[in-house]
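Undergrad: Sharing a structure here in structure tokens format.
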């Protein structure tokens with residue numbers, strides 16, 4: 001009786017493990033929270049998530065506008081809402097001394113978040 005063997009090539013897995021290690025060791029992409037800067041670290045994390053969601057909503061809105069599924073009134077309201085949200089984000093970034101680069105996390109092999 002012959003035993004079937006499964007051949008396993010670990011080199012892609014090794015490369016992936018190395019990429020993960022680089023992400024984990026990349027101090028710039030971490031949100032650093034300690035007792036002295038807890039509010040700033042938390043603000044950075046929350047604003048990063050909000051900015052990601054805002055950009056996704058903006059892209060979806062543009063698809064809907066391009067697809068012709070919105071009325072002129074809906075397009076106007078959507079544009080005004082997105083503009084106000086962007087202005088509020090700028091205000092919050094200024095309040096917490098953050099830049100667009102601060103809100104962009106490096107995801108290693110996947111590239112930057114935004």
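Each reported figure results from applying straightforward, stated rules to the coordinates on display, with no laboratory input. All of these numbers come straight from a predicted model, not from anything done at the bench. Because the Cβ atoms are built from the backbone with ideal geometry, glycine has one as well, and the counts that use them run over all protein chains shown.
Undergrad: In what sequence do 81, 71 fall when counting other Cβ within 10 Å, fewest first?
TA: Going from sparsest to densest Cβ surroundings: 71, 81.
Undergrad: Sort 59, 44 so that the residue with the fewest other Cβ atoms within 10 Å of its own Cβ comes first and the one with the most comes last.
TA: Least to most surrounded, the residues fall as 59, 44.
Undergrad: Would you order 54, 64 from fewest to most other beta-carbon atoms within 10 Å of each residue's own beta-carbon?
TA: Placing the least packed residue first, the sequence is 64, 54.
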